[in-house]
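Here the structure comes first, spelled out in structure tokens, and everything after it is commentary.
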């Protein structure tokens, strides 16, 4: 059980405080409700660009990292299609230093043409290294464009084209900041060795004077229901053929989320999971096989992937995966196998609640979804699932007319 107290400043900033006296540290997590889905289709990559710009100094503090490191703190950030998340840990006695730093960059960044130019180059190089020059680097961009036709999930976090970031103007970047990186679009969690009331006083001291931004109303296009299978075959300079199968799923808050998630655990969680046991060890079709769900806030997808053993065809690989899928659709899972998967998942969730930073991140995310108390209810949601629920979920998700197939093949083999 992760206990917390909830506060709210007049400027709209949400604050959750979790007290854990077992550690001398405090974690501060600030989640901004902005991701790649909020970008203009002609100006993509901005959310990821800001992950870099937020460390380029703020209006009153030229060097964020130096000040934090001198106070014994460590920090990082990540961006995805739904959120941008900044986090740090610091000794309890230096918490106010962290809040001073975070409040100043929420107030305003030190915008300049030179800083923007530097980070454009950094992001451009990251794009080249991760997407263009990396084996299998464009897989997820290809798969997303296959799954999504109108929703902005169709492009990856780094953007549709690196030219969007390269051509970004300072005015466009400044406008993006003041639309999304505002107190009323943020959730802060302070977790660690601190009284909730004391944390609230410090947060109010440093953040209450920051003006709230205009309320952002998200109106995104709804992805139409897929009614025909889609497929794409590409040839790349890679050592091994891979197959990627994806199926649309409901949004993150749909009741089917937990059941669909459990399906992927049955397929791929652990050494004895079905894909590994049947298709890797016994049939030796794949050297690796995996399954997972995107967990997107809006409509997501379930993906099954596999690296083929050389000499075997992608058609054979797909048929083998469909055999495993059909087994889930037409046969009830045994109670022992189901209990094993549930226990493994419970252990994983429990482990995630050990560290203050992971607790801070999870509380912020569930608060964004609607209520941080859901963090404490997730195991119960999984343990309610029965074999009949899984069979029904498999029938709902694994519809042949909703399959998105990407054959990612080696040039050297063709």
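Each reported figure results from applying straightforward, stated rules to the coordinates on display, with no laboratory input. None of these values were measured; they are calculated from a predicted model. Cβ: placed from backbone, ideal geometry, glycine included. Neighbour counts: every protein chain shown.
In table form, for the structure just shown:
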{"item": "Choice from 380, 288, 324 showing the highest fluctuation, given a GNM over the chain with Cα pairs closer than 10 Å", "result": "380"}
{"item": "The stretch 1-43: mean projected area of Cα convex hull, nm²", "result": "5.3"}
{"item": "Cα centroid separation, the stretch 220-243 to the stretch 93-119 (Å)", "result": "40"}
{"item": "Relative contact order of the stretch 230-413, defined on C-alpha pairs under 8 angstrom at six or more residues apart (%)", "result": "40"}
{"item": "Cα gyration tensor of the stretch 129-263 - equivalent ellipsoid semi-axes, whole Å, descending", "result": "37, 22, 18"}
{"item": "Footprinting exposure proxy for 87, 382 (fewest neighbouring C-beta atoms within 10 Å first)", "result": "382, 87"}
{"item": "Stokes-Einstein D (µm²/s) once Rh is taken as the Kirkwood radius of the stretch 5-207 over alpha-carbon pairs, at 25 °C in 0.890 mPa s", "result": "137"}
{"item": "Antiparallel bridges, percent of DSSP beta bridges restricted to the stretch 230-413 (to nearest 5)", "result": "75"}
{"item": "For 130, 294, order by how many other beta-carbon atoms lie within 10 Å, fewest first", "result": "130, 294"}
{"item": "GNM result for the chain, Cα springs below 10 Å: residue of 73, 355, 198 fluctuating most strongly", "result": "198"}
{"item": "Order of 395, 225 - criterion: other Cβ atoms within 10 Å of each residue's Cβ, fewest first", "result": "225, 395"}
{"item": "Share of pairwise Cα separations in the stretch 333-414, more than 18 Å, in percent", "result": "63"}
{"item": "DSSP beta bridge pairing in the stretch 5-207, given as percent antiparallel to the nearest 5", "result": "80"}
{"item": "Scattering curve values for the chain, log₁₀ I(q)/I(0), Debye with Cα scatterers, q = 0.06, 0.11 Å⁻¹", "result": "-0.28, -0.93"}
{"item": "Three principal axis lengths of the stretch 48-112 [C-alpha, angstrom, descending]", "result": "34, 25, 16"}
{"item": "Three-way shape call for the stretch 1-110 based on the alpha-carbon gyration tensor, with the a/c threshold at 1.5", "result": "oblate"}
{"item": "Mean residue ellipticity (222 nm) of the chain, computed from DSSP H runs ≥ 4 via -39,500 (n - 2.57), nearest 500", "result": "-11500 deg cm²/dmol"}
{"item": "Descending Cα extents along the principal axes, the stretch 230-413, whole Å", "result": "51, 35, 31"}
{"item": "Rel. contact order, % - alpha carbon contacts under 8 angstrom, at least six apart, the chain", "result": "22"}
{"item": "Choice from 215, 307, 342 with maximal GNM fluctuation in the chain (Cα, 10 Å cutoff)", "result": "215"}
